[in-house]
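Asker: Got a structure here, written out as C-alpha coordinates. Questions coming.
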Amino acid sequence: WRIEAVRGMYSACEAQDNRDHGFYCGSGPNSFTSCHADSNSHKNDGSNTNLFDGFHIPWGSRIQLVGCSAYDKNEGGRGYQQRYGFYLGSGAENIQILGTVRDNVSGGTGGSGFGNATNWVQVNG
(Lines give C-alpha, C1' and ligand atoms only; values in the text may rest on other atoms or scores of the structure.)
Protein backbone atom coordinates (compact mmCIF):
# COMPACT_ATOMS: atom_id res chain seq x y z
CA TRP A 1 0.00 0.00 0.00
CA ARG A 2 1.49 3.36 -1.00
CA ILE A 3 -0.59 6.18 0.45
CA GLU A 4 0.20 9.72 -0.70
CA ALA A 5 -3.33 11.15 -0.59
CA VAL A 6 -4.87 12.85 2.45
CA ARG A 7 -7.95 12.26 4.60
CA GLY A 8 -8.02 8.53 3.90
CA MET A 9 -9.43 5.91 6.24
CA TYR A 10 -8.13 2.36 5.93
CA SER A 11 -9.62 -0.40 8.05
CA ALA A 12 -8.90 -4.15 8.26
CA CYS A 13 -6.33 -3.94 5.44
CA GLU A 14 -3.41 -6.33 5.04
CA ALA A 15 -0.06 -6.04 3.31
CA GLN A 16 1.59 -9.43 3.02
CA ASP A 17 4.66 -10.84 1.27
CA ASN A 18 5.69 -7.67 -0.59
CA ARG A 19 9.16 -6.75 -1.87
CA ASP A 20 8.89 -3.28 -0.33
CA HIS A 21 7.22 -1.71 2.70
CA GLY A 22 3.84 -3.15 3.62
CA PHE A 23 2.28 0.28 4.16
CA TYR A 24 4.09 3.45 3.03
CA CYS A 25 2.32 6.62 4.16
CA GLY A 26 3.93 9.95 3.27
CA SER A 27 1.06 12.32 3.95
CA GLY A 28 -1.69 13.06 6.38
CA PRO A 29 -4.13 13.25 7.88
CA ASN A 30 -4.80 9.54 7.37
CA SER A 31 -6.15 6.83 9.67
CA PHE A 32 -5.40 3.11 9.76
CA THR A 33 -7.37 0.79 12.06
CA SER A 34 -6.88 -2.95 12.53
CA CYS A 35 -4.39 -3.24 9.66
CA HIS A 36 -1.75 -5.97 9.42
CA ALA A 37 1.73 -5.82 7.90
CA ASP A 38 2.68 -9.48 7.52
CA SER A 39 6.10 -10.64 6.32
CA ASN A 40 7.00 -7.84 3.91
CA SER A 41 10.50 -7.19 2.49
CA HIS A 42 10.92 -10.84 1.68
CA LYS A 43 10.94 -11.43 -2.06
CA ASN A 44 14.00 -9.38 -2.94
CA ASP A 45 16.74 -10.46 -5.28
CA GLY A 46 19.23 -10.80 -2.44
CA SER A 47 20.86 -7.38 -2.76
CA ASN A 48 18.32 -5.45 -0.68
CA THR A 49 17.34 -7.83 2.07
CA ASN A 50 15.76 -6.72 5.35
CA LEU A 51 15.46 -3.06 4.31
CA PHE A 52 11.71 -2.57 4.33
CA ASP A 53 9.21 -2.04 7.12
CA GLY A 54 5.69 -3.13 7.93
CA PHE A 55 4.46 0.47 8.38
CA HIS A 56 6.82 3.14 6.98
CA ILE A 57 6.10 6.82 7.68
CA PRO A 58 9.09 8.93 6.55
CA TRP A 59 7.23 12.27 6.95
CA GLY A 60 3.72 13.59 7.26
CA SER A 61 1.50 14.68 10.10
CA ARG A 62 -1.73 13.67 11.83
CA ILE A 63 -1.46 9.99 10.91
CA GLN A 64 -3.09 7.42 13.17
CA LEU A 65 -2.36 3.69 13.34
CA VAL A 66 -4.72 2.17 15.90
CA GLY A 67 -4.90 -1.55 16.58
CA CYS A 68 -2.36 -2.32 13.86
CA SER A 69 0.07 -5.27 13.91
CA ALA A 70 3.42 -5.72 12.19
CA TYR A 71 5.02 -9.14 12.24
CA ASP A 72 7.19 -11.46 10.20
CA LYS A 73 6.64 -15.20 10.18
CA ASN A 74 9.81 -16.03 8.17
CA GLU A 75 8.20 -19.26 7.06
CA GLY A 76 10.74 -21.82 5.92
CA GLY A 77 13.63 -19.58 7.02
CA ARG A 78 13.52 -17.69 3.70
CA GLY A 79 16.14 -15.21 4.95
CA TYR A 80 14.30 -11.96 4.20
CA GLN A 81 12.36 -10.24 6.95
CA GLN A 82 10.65 -6.95 7.71
CA ARG A 83 13.21 -4.51 9.10
CA TYR A 84 10.98 -2.66 11.61
CA GLY A 85 7.33 -3.14 12.38
CA PHE A 86 6.74 0.63 12.62
CA TYR A 87 9.18 3.21 11.22
CA LEU A 88 8.94 6.98 11.76
CA GLY A 89 11.28 9.31 9.90
CA SER A 90 12.46 12.69 11.16
CA GLY A 91 9.69 14.49 9.25
CA ALA A 92 6.87 12.54 10.94
CA GLU A 93 4.94 14.58 13.49
CA ASN A 94 1.66 14.37 15.36
CA ILE A 95 1.60 10.61 14.77
CA GLN A 96 -0.40 8.22 16.96
CA ILE A 97 0.49 4.52 17.04
CA LEU A 98 -1.19 1.88 19.18
CA GLY A 99 -0.02 -1.50 17.93
CA THR A 100 1.71 -4.82 18.35
CA VAL A 101 4.84 -6.30 16.79
CA ARG A 102 6.61 -9.62 16.55
CA ASP A 103 9.78 -10.96 14.90
CA ASN A 104 10.87 -7.90 12.90
CA VAL A 105 14.57 -8.37 12.20
CA SER A 106 15.83 -4.95 13.41
CA GLY A 107 13.19 -4.30 16.05
CA GLY A 108 9.57 -3.45 16.63
CA THR A 109 10.12 0.28 16.07
CA GLY A 110 12.78 2.38 14.40
CA GLY A 111 13.60 5.74 12.92
CA SER A 112 14.49 9.15 14.32
CA GLY A 113 10.83 10.23 14.43
CA PHE A 114 10.28 8.21 17.58
CA GLY A 115 12.14 10.94 19.47
CA ASN A 116 9.67 13.62 18.34
CA ALA A 117 7.64 14.86 21.33
CA THR A 118 4.55 15.41 19.16
CA ASN A 119 4.25 11.67 18.47
CA TRP A 120 2.38 9.31 20.79
CA VAL A 121 3.46 5.68 20.50
CA GLN A 122 2.51 2.55 22.40
CA VAL A 123 3.79 -0.63 20.76
CA ASN A 124 3.85 -3.99 22.51
CA GLY A 125 5.67 -7.14 21.53
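The values are calculated or read from the model by the stated rules, or taken from the named source; none is laboratory data. Owing to the predicted nature of the structure, the values given are computational and were not obtained by experimental measurement. Positions of Cβ are generated from backbone atoms using ideal geometry, with glycine treated the same way; all protein chains shown enter the neighbour counts. SASA here: full protein model, heavy atoms, side chains in, ligands and nucleic acids out. Shrake-Rupley method; radii C 1.70, N 1.55, O 1.52, S 1.80 Å.
Asker: Mind telling me which of the residues LEU51, LEU65 ends up being among the hydrophobic types (A, V, I, L, M, F, W, C), open to solvent by 70 Å² or more (accessible area, probe 1.4 Å) and under 14 Å from the mean Cα position of the chain (by Cα)? Outline the logic, then answer.
Answerer: Values: LEU65 fails: open to solvent by 70 Å² or more (accessible area, probe 1.4 Å).
When all the criteria are applied, what remains is LEU51.
Asker: Scan the stretch 28-65 for residues that are of a type in the set (S, T, N, Q) and either touching a Cys at 6+ places or on another chain (Cβ under 8 Å) or at pLDDT 95 or above (or both) and jot them down. Please lay out each step first, then the result.
Answerer: First, pick out the residues of the stretch 28-65 that are of a type in the set (S, T, N, Q): 30-31, 33-34, 39-41, 44, 47-50, 61, 64.
ASN30, SER31, THR33, SER34, SER61, GLN64 - these are the residues of the stretch 28-65 that are of a type in the set (S, T, N, Q) and either touching a Cys at 6+ places or on another chain (Cβ under 8 Å) or at pLDDT 95 or above (or both).
Asker: For the stretch 68-82, enumerate the residues that are open to solvent by 20 Å² or more (accessible area, probe 1.4 Å) and modelled with pLDDT under 95.
Answerer: The answer is LYS73, ASN74, GLU75, GLY76, GLY77, ARG78, GLY79, TYR80, GLN81.
Asker: Kindly establish whether VAL101 is of a type in the set (A, V, I, L, M, F, W, C) and either on the phi > 0 side of the Ramachandran plot or open to solvent by 50 Å² or more (accessible area, probe 1.4 Å) (or both). Don't jump to the end; show me each part of the working.
Answerer: Numbers: of a type in the set (A, V, I, L, M, F, W, C): yes; either on the phi > 0 side of the Ramachandran plot or open to solvent by 50 Å² or more (accessible area, probe 1.4 Å) (or both): no.
Judged against the criteria, VAL101 is not a match.
Asker: Here's a follow-up. When you scan the stretch 26-35, do you find a residue that is surrounded by fewer than 18 Cβ atoms within 10 Å (Cβ to Cβ) and touching a Ser or Thr at 6+ places or on another chain (Cβ under 7 Å), even just one?
Answerer: yes
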